[in-house]
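The values are calculated or read from the model by the stated rules, or taken from the named source; none is laboratory data. None of the values given here were measured: they were computed from a predicted structure. With ideal geometry, Cβ positions are generated from the backbone for all residues, glycine too; neighbour counts draw on all protein chains shown. Accessible surface is based on the protein model in full, side chains and every heavy atom, while ligands, DNA and RNA are left aside. Shrake-Rupley method; radii C 1.70, N 1.55, O 1.52, S 1.80 Å.
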Amino acid sequence: MKRRITALILTTFMVATLLIGCSQEESVSGKYLRLAKSSELASMDQHVASDGLSFEVISSTMEGLYSRDKDGNCIPAIAESYDVSDDGLTYTFHLKKVKWSNGDLVTAEDFEFSWKRLLDPETASEYSFIGEVAGIKNAAKVMSGEMDIDELRVKAIDGVTFEVELERPIPYFVSLTAFPTFFPLNEKFVAEKGEEYALEPENLLANGPYKMVEWNKGYGFKLEKNTEYYDASNVQIDGLEFRVMKDPQTAVLKFESGELDVVKLSSELVDKYKSNPGYTQIPEGYVYYIAPNHEMELFSNLNARKALYYGINKDHIANKILNDGSIAANFIVATGLATGPDGKDFCESSGGYGDYDKELALRYWNEAKNELGKNSFEIELLFDDFETIKKMSEFIQAELESNFPGLTVNLKAQPKKNRQALMKEGSFELGITRWGPDYADPLTYLELFIDGSSQNTSKYENEKYNQLVYESSRGFLASDPQGRWDAMMEAEKILLEEDAAVMPIFQQGYAFLINEKVSGIDSH
């Protein structure tokens, strides 16, 4: 059986999975898949990483308790099996005999060390919150410093038995163990490398199909087959070569000359290459949305927010500006993410909220002006300084100024890290941001907007919304599949239709050129 290699593509915060099959590209040393990437590799430390490329590469070199098959179903990886107590609160994982790339066995102690490192306040991981999402007992108190790290209820019973206690039943708990932050770490190796851990290939260990052998910062990196991998005989590709190419046109030229196998097309190149045999569209889970700062006078007004919600032609953005398979979004929970007890996709059941309606938007705008006692407003739209996002922002600027008399929109482009920092500290008026799923459940989006969430940059507050999300994740509905599903749908309706708390724009799609000799690429 051909082994499919998991490469986890995640946004700052979304989970989609690309499964890489076999490339026919031969080199002197073997068969390699060569991929162009538009950004540099930020980190190979699973508890420091927070971007898509880092998680993609980490997931090519590491595995956790469980993984995913081509259909997105959980399958055993390092865990051979697990038992769960009758109350759904204690999981006991039984490990296979698996080795690190240095020959050491992967043990239950490696999982205990890694999970505690993730939640240790001294690590300051941006993804420590996922421990509470997973429901690990005492996670919140450990992260806040109220409890010592040894109070976290994760434990190596012996070398091949790993036990986890939860505070409440979590229906998606096992699927979370496929997420990179929950991968194991060899404590002895990490301690030996100290501050140099994960900064160079020689300061890394692998337990997955590949190991990193080259890392030329700013230019690219190379992975080669890990001979210690437990399923190495089924890994069909000898290596992966990633090349950092920020100019899409340059990457395409390298593809045409046979130097690259997988390149992502910018929207400007899509029409030119749609007829190319290698043209492929791959859907993603990123949902882009506009976050208004609710602490501003204008956006504290419900009618002003509703005006913006209905006043932007999202179909034009998706189909004309992006032109890459992206779809207009009238939802915050991505399509294709999760199905309910009735077998229907969450978005199919909700039906979405609010299509483009200029007349309705203008009525809301006029009501807002009357309520605020002003005829003119000047606002600033903050966004990442990528060319496509800039074009979209310019369209939104023109659309809002045209549809809403008295409104002036100024544009502010910033590098992504700067934009994120400005939004987190509340130094913005309108900001374009995005989120993708960390796990296959609507809560991965809905929890963004509860009180206290670091991602709730809008400072949105609604007690009923908070309660519905809480009960779906931590309360009495957590173990009631239909009840929690209904509550999550009601929460999304409050967020978008009733409060217009944020304004969804589109769900990301990507257009690729993929070498025809490459097979087995599946997207989740």
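S350 satisfies every condition listed in (1) under 25 Å from L422 (Cα atoms); (2) small (G, A, S); (3) touching a helix residue (DSSP H, G or I) at 6+ places or on another chain (Cβ under 8 Å) except (1).
Filtered by the rule that a residue be over 23 Å from the mean Cα position of the chain (by Cα) and among the basic types (K, R), the stretch 345-399 gives K358, R363, K369, K374, K391.
Could you tell me whether the stretch 87-99 includes any residue that is surrounded by fewer than 21 Cβ atoms within 10 Å (Cβ to Cβ) and either part of a helix (DSSP H, G or I) or free of Cβ contacts under 8 Å to residues at least 24 places away in the same chain (or both)? Looking through the stretch 87-99, none of the residues is surrounded by fewer than 21 Cβ atoms within 10 Å (Cβ to Cβ) and either part of a helix (DSSP H, G or I) or free of Cβ contacts under 8 Å to residues at least 24 places away in the same chain (or both). Sub-6 Å Cβ pairs linking a first residue in the stretch 43-67 that is closer than 17 Å to E228 by Cα to a second residue that is in a helix (DSSP H, G or I), at least 6 apart or interchain, are I58/P180; S59/P180; G64/F182, ordered by first then second residue.
Among the criteria (1) assigned to a helix (DSSP H, G or I); (2) under 30 Å from A421 (Cβ atoms); (3) open to solvent by 20 Å² or more (accessible area, probe 1.4 Å); (4) free of Cβ contacts under 8 Å to residues at least 60 places away in the same chain, the one V142 does not fulfil is (3).
When each of G285, G311, G325 is tested for being over 30 Å from E425 (Cβ atoms) and small (G, A, S), the lone residue that passes is G325. A single entry from E224, E284 fulfils the requirement of being in contact with a Phe, Trp or Tyr (Cβ under 8 Å, 6 or more places away or on another chain) and open to solvent by 30 Å² or more (accessible area, probe 1.4 Å): E224. When residues in the stretch 79-97 are screened for being touching a Ser or Thr at 6+ places or on another chain (Cβ under 9 Å) and under 28 Å from P201 (Cα atoms), 2 of them pass. Note on the stretch 287-305: among residues that are polar (S, T, N, Q) and not in a loop (DSSP other than H, G, I, E, B), the one that is surrounded by the most Cβ atoms within 10 Å (Cβ to Cβ) is N303.
Being of a type outside the set (G, A, S), farther than 30 Å from P481 by Cβ and buried (at least 20 other Cβ atoms within 10 Å of the Cβ) narrows it down to one of F383, F346, so name that one. Selected residue: F383, the only one of F383, F346 that is of a type outside the set (G, A, S), farther than 30 Å from P481 by Cβ and buried (at least 20 other Cβ atoms within 10 Å of the Cβ).
A count restricted to the stretch 338-350 and to residues that are closer than 22 Å to E284 by Cβ and either without any contact (Cβ under 8 Å) to a residue 24 or more places away in the chain or charged (D, E, K, R) (or both) stands at 5. Against the list (1) at pLDDT below 95; (2) outside any strand (DSSP E or B); (3) in contact with a Ser or Thr (Cβ under 9 Å, 6 or more places away or on another chain); (4) surrounded by fewer than 21 Cβ atoms within 10 Å (Cβ to Cβ), the condition V270 fails is (3). Taken as a whole, the stretch 240-257 holds at least one residue that is free of Cβ contacts under 8 Å to residues at least 60 places away in the same chain and part of a loop (DSSP other than H, G, I, E, B). Check the stretch 169-177 and report whether any residue there is in contact with a Gly (Cβ under 8 Å, 6 or more places away or on another chain), open to solvent by less than 10 Å² (accessible area, probe 1.4 Å), touching a residue at least 24 places away in the same chain (Cβ under 8 Å) and not in a helix (DSSP H, G or I). Within the stretch 169-177, one or more residues are in contact with a Gly (Cβ under 8 Å, 6 or more places away or on another chain), open to solvent by less than 10 Å² (accessible area, probe 1.4 Å), touching a residue at least 24 places away in the same chain (Cβ under 8 Å) and not in a helix (DSSP H, G or I). Flag: S233 matches the condition of being assigned to a helix (DSSP H, G or I), out of contact with any helix residue (DSSP H, G or I) (no Cβ under 6 Å at 6 or more places or on another chain), of a type in the set (S, T, Y) and loosely packed, with under 14 Cβ neighbours inside 10 Å. When residues in the stretch 349-373 are screened for being open to solvent by 60 Å² or more (accessible area, probe 1.4 Å) and among the aromatic types (F, W, Y), 1 of them pass.
Residue by residue, here is whether (1) open to solvent by 10 Å² or more (accessible area, probe 1.4 Å); (2) touching a strand residue (DSSP E or B) at 6+ places or on another chain (Cβ under 8 Å); (3) under 20 Å from K306 (Cα atoms); (4) small (G, A, S) holds:
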| position | (1), (2), (3), (4) |
| --- | --- |
| E447 | yes, no, no, no |
| K464 | yes, no, yes, no |
| Y470 | yes, no, no, no |
| R484 | yes, no, no, no |
| A491 | no, no, yes, yes |
| E498 | yes, no, yes, no |
| Q508 | yes, yes, no, no |
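The set of residues from the stretch 306-335 being open to solvent by less than 30 Å² (accessible area, probe 1.4 Å) and basic (K, R) comprises just one member, K314. The residues listed here are E122, E112; of these, the one that is in a helix (DSSP H, G or I) and closer than 19 Å to E151 by Cα is E112. With respect to the stated conditions, E228 is part of a loop (DSSP other than H, G, I, E, B) and more than 17 Å from P180 (Cβ to Cβ).
Going residue by residue through the stretch 118-126, is there one that turns out to be at positive phi and open to solvent by 50 Å² or more (accessible area, probe 1.4 Å)? Within the stretch 118-126, one or more residues are at positive phi and open to solvent by 50 Å² or more (accessible area, probe 1.4 Å).
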